[in-house]
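Here is the structure we will look at, set down as structure tokens.
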Amino acid sequence: MAALIAENFRFLSLFFKSKDVMIFNGLVALGTVGSEELFSVVAFHCPCSPARNYIYGLAAIGVPALALFLIGVIWNNHTWNLVAECHKRGAKNFSAAATFLLFGSIMGRATVAPITWSVISLLRGEAYICALSEFVKPSSLDKFPAEYGAEVLAKFPCRDVPANLTKFRDEVTRRLRYESQLFGWLLIGIVAVLVFLTKCLKHCCSPLSYRQEAYWAQYRSNEDKLFRRTAEVHSRILAAKNVKQFFGFVALDKEEKELVQEFPVEGVQPSPQWNAITGVYIYRENKGFPLYSRLHKWAKGVEGNGPTPEGHELLFLAS
């Protein structure tokens, strides 16, 4: 049973990694919507107190969005490739356009969840109403009693108001919800336009044809899956050899015995080889032939990371 569950999780992981970025972003957005709904139902409770409402309302929108943004940056492989690149080689081989493209890719992927959170929060309107109810001017409300001020307005989100203020509470709530939803729809429109323009710019500036770009995406996916699978087998066989050397024997199951017999492992790859295939990669060609990854470049024996007389850099980053 445990093996079946593990296999299903592995299948789902490979499925999501192999699909288009837009599908992945859609799943991230869908998960964020569910999380925001759960948060609103379980965790959001407006304090209904002057000066506290504003801080709490903004925190309910901004803090989760910030956390989701940081999680998105951490989960992006480009982030750690950039860290490795700066640590091993520095960013001196990247032009300004390439650097901008890299950071744009990282930031763009990381903003999917926080923007979704912000949009859903604004469309619901609860946090916005909580934050700004006390700032509504009493003079803007027709026949609002003069003896009441910001302290009473701050209690409107909690409905804890005198009976003679019920109609004013409904009016304030309706007005603030209108503003909140308006900002939410505007944010959706702005993001949609930016995504459209970014996709158009990417395809217009791409040095690759549509078919070659699709092939490159398939190559990256296959290389990553094969590399991970091979690395797992290689590390298991190497570990088995070391354990056997220490104890004199190693307890292997049938599958592991077959792996050890089928794939002899003599040693480990030296650090320079790992460094050569690790880091940020921007599409390059050498003598007119494409180099689709750092591993591909290493296998072809091409040295260096910058443009050379025999090759040129094409500023196009893998999604």
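Within the stretch 255-295, the set of residues being in a helix (DSSP H, G or I) and touching a residue at least 12 places away in the same chain (Cβ under 8 Å) comprises 256, 259, 260, 273, 275, 276, 294, 295. Scanning the stretch 78-94 for residues that are in a helix (DSSP H, G or I), modelled with pLDDT under 80 and open to solvent by 40 Å² or more (accessible area, probe 1.4 Å) gives 81, 83, 86, 87, 88.
Quick grid of which residues meet (1) touching a residue at least 40 places away in the same chain (Cβ under 8 Å); (2) hydroxyl-bearing (Ser, Thr, Tyr); (3) over 19 Å from residue 118 (Cα atoms); (4) not assigned by the TED database to the domain that holds residue 289:
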| site | (1), (2), (3), (4) |
| --- | --- |
| 159 | no, no, yes, yes |
| 165 | no, no, yes, yes |
| 168 | no, no, yes, yes |
| 177 | yes, no, no, yes |
| 180 | yes, yes, no, yes |
| 190 | no, no, no, yes |
| 194 | no, no, no, yes |
| 197 | no, no, yes, yes |
| 201 | no, no, yes, yes |
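Kindly evaluate residue 229 against the criterion of being modelled with pLDDT of 90 or more, loosely packed, with under 12 Cβ neighbours inside 10 Å and among the charged types (D, E, K, R). Yes: the conditions hold for residue 229. Listed conditions (1) open to solvent by 70 Å² or more (accessible area, probe 1.4 Å); (2) farther than 17 Å from residue 65 by Cα are all met by residue 109, apart from (2). Checked against the criteria, residue 249 does not count as assigned by the TED database to the domain that holds residue 218, open to solvent by 50 Å² or more (accessible area, probe 1.4 Å) and closer than 30 Å to residue 106 by Cα.
A Cβ distance below 6 Å, combined with a sequence gap of six or more or placement on separate chains, defines the contacts here; from the stretch 120-145, residues that are under 25 Å from residue 43 (Cβ atoms) and touching a residue at least 40 places away in the same chain (Cβ under 8 Å) reach residues that are open to solvent by 30 Å² or more (accessible area, probe 1.4 Å) and assigned to a loop (DSSP other than H, G, I, E, B) in the pairs 134/50.
The values are calculated or read from the model by the stated rules, or taken from the named source; none is laboratory data. Since this is a predicted model, take the numbers as computed values, not measurements. No Cβ is skipped: glycine too gets one built from the backbone with ideal geometry, and neighbour counts run over all protein chains shown. Note: accessible area is taken over every heavy atom of the protein model, side chains too, but ligands, DNA and RNA are not part of it. Shrake-Rupley method; radii C 1.70, N 1.55, O 1.52, S 1.80 Å.
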